[in-house]
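The values are calculated or read from the model by the stated rules, or taken from the named source; none is laboratory data. The model shown is predicted, which means the values in this text are computed figures rather than measured ones. Here the Cβ is made from the backbone with ideal geometry for all residues, glycine too, and neighbour counts use every protein chain on show.
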Amino acid sequence: MENKMFCYQCQETVNNTGCTKVGVCGKTPEVANKQDLLIWITKGLSEITTKLRTEGYKIPNNINKIITGNLFATITNANFDGKVIEDRILNTIEEKQKLLLELKDNNNLSEAALFVNLSATELAEKSKSVGALSTQDEDIRSLRELITYGIKGISAYITHAETLLAENENLNIFIQRALALTLDNTLEVRDLINLVLETGKYGVEAMAMLDEANTSTYGNPEITKVSIGVKNNPGILISGHDLKDLELLLEQTKGTGVDVYTHSEMLPANYYPAFKKYDNFVGNYGNAWWKQREEFELFNGPTLMTTNCIVPPKESYINRLYTTGVTGYSGCKHIEEVNGEKDFSQIIEQAKNCKSPTEIERGEIIGGFAHNQVFELADKVVEAVKSGSIKKFVVMAGCDGRQKGRNYYTEFAKSLPEDAVILTAGCAKYRYNKLNLGNIGGIPRVLDAGQCNDSYSLVAIALKLKEVFEFEDINDLPIIYNIAWYEQKAVIVLFALLYLGVKNIHLGPTLPGFLSKNVVDVLVKNFGIAGINTVEEDINLFFPEDKSEEINSSMLIGDLVRKYPKSISVLQTMGMHCLGCPSSQMESLGEAAMVHGYDENKLIEEIRKIASK
């Protein structure tokens, strides 16, 4: 049967191979095909802008924003409105036509660059043939899609940063060049793998840009206890990642008697000092994005979605759901930006006539452990590591989702040794951030840096620890990476880690369906990428039982080298070069130290260090 659509960019795609009838996210075939067409012509526009730059032409900023906006609008769960996607397609083609006239040389351009048909019939027909499956070679297709998804993540970060007036032309140049390269049929697998790593490099740059934009505008996140209960006033719920939208909403609700609550992706806003001055900013309501159909209904008031993570709404609250920015859903009211401002009066007036939120839980959760806050605790953290109070950090960042298999992350967090600390950023934390995991010497065992927009903190913290402990290789740090993924911002975080040289990252609950077998093999061979197993198996893998205490003065040399072959190097430094002869093997460690004039305690300590690894 012919596919009505094909999409496999998210983790929940059907059978981990691709949605072909309707998206698991709720995306219809019509919208999916229009999004494929939008990405294709955006790649064509990028090919033109890249070529124009070589001719010395300065690309207008509105073109850069069209490209990043198109990419962001096609991220999973961002925009389900076919009319909006169609308008973007028409606008992109019109801008493309203008720029084609500016080209001095339009030879060797791809069909995507030259396609300028505005006929609705032609557009509908073309939309069915330009998606992922239009690339026949499975490995090339896999890498092209991988790069495109990473660039979608970068575009999301750029869009947020630009809302706060940050700019970085180099990122736009890279995005457009990389998109153009995904149309280049001369590139081989090795070329595209190099482009994956280059995408990671610019991913780090984009995350740093957004971090700087957020912290310079709203202050550095600080340790904060966030209320998860409710008050008696009517409320507005705000979700997504756009802090500027929250600022505008808080300003406009001052003195109205309407409270503002964050949901899911917006939780980290509670950690920023600038928002704490608003008396009506009262805390967080609910859990991860995928529970919104129940929680939005119980909230009773209106909800504003500022970015991705929309779930198709129930009829019971669709009239209370508003979208803004790149988001959209047919039947929901959309708040447009006019001259840099947004008017939320419609939402506020509706809220005044709604009941106060239904309480679904009580208490507090703690967060705000972004890089600046952790750096302030650096001495305390370093001392805990040196004393052995903290043995390992476990990066459990990334996304949450609906699949039952994600219960793994709750059970994994519960099963961690008490000397392990979780570093997190992203909604994956909703699987364990309300567990009582305690603290180590006053350091909470869950250090929450925020959401995927705050993932730069995880990079900065890892690099700081590398500097403090004077390690040459980032992989020598006592850090484990067990990351959950769902959508494209998680993909760029993965790229960023690979670019920084991090190896042995475990991804779950499944490896991406868009990775071909050969591409997986490359990632495993070069970077140690792996999936997850059972909780018990992974705990044993990440925290192997340390039997080094059995190494003592009475242990025979023969038993030692059989169990711990890496100890041979230590023994040889003390002059034992005949380890294979029977007399050497029957000596005890204490006897060998005495014979060779070596300090027994120092020898045992050195061998235990090697054995414990």
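If only one of 210, 118, 192, 183 is in a helix (DSSP H, G or I) and out of contact with any His (no Cβ under 9 Å at 6 or more places or on another chain), which one is it?
Only one candidate qualifies: 192.
Tell me, yes or no, whether the stretch 9-29 has at least one residue that is of a type in the set (D, E, K, R) and without any contact (Cβ under 8 Å) to a residue 40 or more places away in the chain. Steps first, answer last, please.
Filtering the stretch 9-29 down to residues of a type in the set (D, E, K, R) leaves 12, 21, 27.
In the following step, the residues that additionally are without any contact (Cβ under 8 Å) to a residue 40 or more places away in the chain were identified as 21.
Yes, the conditions are met somewhere in the stretch 9-29.
Take the stretch 412-439 and flag every residue that is farther than 16 Å from residue 480 by Cβ and in a strand (DSSP E or B).
The one that is farther than 16 Å from residue 480 by Cβ and in a strand (DSSP E or B): 439.
Where in the stretch 337-391 are there helices (runs of 4 or more DSSP H), lying fully within it, with 2 or more residues that are touching a strand residue (DSSP E or B) at 6+ places or on another chain (Cβ under 8 Å) and at pLDDT 95 or above?
Result: 345-352.
Which of the residues spanning the stretch 9-22 are on the phi < 0 side of the Ramachandran plot and surrounded by fewer than 24 Cβ atoms within 10 Å (Cβ to Cβ)?
12, 13, 14, 17, 20, 21, 22
Given the options 481, 456, 432, name the one that is within 30 Å of residue 16 (Cα to Cα) and either basic (Lys, Arg) or surrounded by fewer than 22 Cβ atoms within 10 Å (Cβ to Cβ) (or both).
So the residue among 481, 456, 432 that is within 30 Å of residue 16 (Cα to Cα) and either basic (Lys, Arg) or surrounded by fewer than 22 Cβ atoms within 10 Å (Cβ to Cβ) (or both) is 432.
Hey, among 115, 72, which residue is touching a helix residue (DSSP H, G or I) at 6+ places or on another chain (Cβ under 7 Å) and more than 26 Å from residue 24 (Cβ to Cβ)? I'd like the intermediate steps shown before the answer.
Numbers: 72 fails: more than 26 Å from residue 24 (Cβ to Cβ).
Checking each option against the conditions leaves just 115.
Looking at the stretch 199-252, which of its residues are of a type in the set (Asp, Glu) and closer than 18 Å to residue 452 by Cα?
If the condition is that a residue be of a type in the set (Asp, Glu) and closer than 18 Å to residue 452 by Cα, then 205, 211, 212, 222, 242, 245 are the ones that fit.
Is there any pair with a first residue in the stretch 139-150 that is closer than 14 Å to residue 10 by Cα and a second that is of a type in the set (Gly, Ala, Ser) and not in a helix (DSSP H, G or I) whose Cβ atoms are under 7 Å apart and which are 6 or more apart or on different chains, and what are they?
Close Cβ pairs satisfying both conditions: 142/516.
Does residue 71 satisfy being among the hydrophobic types (A, V, I, L, M, F, W, C), in contact (Cβ under 8 Å) with a residue 12 or more places away in the chain and out of contact with any strand residue (DSSP E or B) (no Cβ under 9 Å at 6 or more places or on another chain)? Before you say what the answer is, go through the steps one by one.
On the way: among the hydrophobic types (A, V, I, L, M, F, W, C): yes; in contact (Cβ under 8 Å) with a residue 12 or more places away in the chain: yes; out of contact with any strand residue (DSSP E or B) (no Cβ under 9 Å at 6 or more places or on another chain): yes.
So residue 71 passes the test.
Could you name every one of the strands (runs of 3 or more DSSP E) located completely within the stretch 228-310 that has at least 3 residues being out of contact with any Lys or Arg (no Cβ under 7 Å at 6 or more places or on another chain)?
235-239, 259-262, 281-284
For the stretch 296-315, name all the residues that are in contact (Cβ under 8 Å) with a residue 60 or more places away in the chain and either buried (at least 21 other Cβ atoms within 10 Å of the Cβ) or within 22 Å of the chain's Cα centre (by Cα) (or both).
299, 301, 302, 303, 304, 305, 306, 307, 308, 309, 310, 311 - these are the residues of the stretch 296-315 that are in contact (Cβ under 8 Å) with a residue 60 or more places away in the chain and either buried (at least 21 other Cβ atoms within 10 Å of the Cβ) or within 22 Å of the chain's Cα centre (by Cα) (or both).
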